[in-house]
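Trainee: Dumping the structure here so I can ask a few things about it.
Quick note: the coordinates plus some simple rules give every number you see, no bench work behind them. Predicted, not measured: the structure shown is a model, and the values here were computed from it. Every residue, glycine among them, receives a Cβ derived from its backbone with ideal geometry; neighbour counts consider all protein chains shown.
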């Protein structure tokens, strides 16, 4: 009778947690762990750095096993990536998707708390090289998770750039480009069915760089400014990030998906750039990221969606010295390659730096609200699901 009672309890427990949609992001503040560099810390040292900074939500762009293993037993929550170049094979072959999930996700659960899989990155809105493979890859990976009884533990998403929008100002005019809709709408329909959010890479830095004559830099940096009013909704915006998010909400609503949540999967500000990138300074980067932390710590929504708490992964842990493109691309890191801070926004690096005293600590920032109960439930559910 005792074993029957325990088994019945597990079944009831599993049924209960299955009624809650999985969340890959259980806090409000996360960070992207890019590794296009030849001089950065080892994955184990990165774990030490992140735990010291109390950054729990981490996103990588691939499925490197040395990184996944380094996060084992740490309590940090990881989103792994299926790179764009893998989309064709995973989309064309369900068995390939199953093998990928088994080898790169299931094999590391529950010790490594893999919470999500990002299927590609910024696939839509540019060239159509991978656009036709995105939905198939998303469905095959989700179905593999479902067959392995992991779809209530690991969330499937994909991140979009601002390039998917044809209009974004004022926010109420937000709409997807005509050539994106054919791919976007069926993707949103599937994500709506399985409870996945719309993931957006939003950079006030880039918007300001492209429109310096129209955008007040204080508006982009969360500094005091007159802001702007949306003539249609009459809503007031005092910072550019909120306006970018609400433009995306408007686009979703116009497409018929007004209830879908938005997660910011990348945002940040470059600390150094080319001569043509005058806004890329350590002072501006520090201001943006310091104020971003304060804004996220308030756990509030946007003017258009005040009840949808804004969640964002900052880009990125490190300056990445091997990234192509303008100088700014290699200088988004909160930390230098040796683990010292690039500038002080309240974190402490593994090594001391002259930047340590450049800004007072963020004493007013509360905990980031990691929804500890949900995290415990998800951890327990992973372990239990793997027993069946």
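Trainee: Mind checking whether some residue in region 209-226 is over 22 Å from residue 304 (Cα atoms), out of contact with any helix residue (DSSP H, G or I) (no Cβ under 7 Å at 6 or more places or on another chain) and assigned to a helix (DSSP H, G or I)?
Mentor: Yes: one or more hits.
Trainee: Related question: Which numbered condition trips up residue 196, out of (1) in a helix (DSSP H, G or I); (2) closer than 19 Å to residue 266 by Cα?
Mentor: Status for residue 196: all satisfied but (1).
Trainee: Let me ask something else about it. If I filter region 59-82 for residues that are touching a residue at least 40 places away in the same chain (Cβ under 8 Å), over 25 Å from residue 319 (Cβ atoms) and buried (at least 18 other Cβ atoms within 10 Å of the Cβ), do I get at least one hit?
Mentor: yes
Trainee: Hey, another quick one. Could you check, for region 261-281, whether at least one of its residues is in a helix (DSSP H, G or I), within 20 Å of the chain's Cα centre (by Cα) and under 30 Å from residue 191 (Cβ atoms)?
Mentor: Scanning region 261-281, I find no residue that is in a helix (DSSP H, G or I), within 20 Å of the chain's Cα centre (by Cα) and under 30 Å from residue 191 (Cβ atoms), so the answer is no.
Trainee: Sort through 297, 270 and tell me the only one that's out of contact with any strand residue (DSSP E or B) (no Cβ under 9 Å at 6 or more places or on another chain) and touching a residue at least 60 places away in the same chain (Cβ under 8 Å).
Mentor: Checking each option against the conditions leaves just 270.
The rows are residues; the columns are (1) more than 25 Å from residue 157 (Cβ to Cβ); (2) outside any loop (DSSP other than H, G, I, E, B); (3) more than 17 Å from the chain's Cα centre (by Cα).
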| site | (1), (2), (3) |
| --- | --- |
| 231 | yes, no, yes |
| 234 | yes, no, yes |
| 241 | no, yes, no |
| 253 | no, yes, yes |
| 333 | no, no, no |
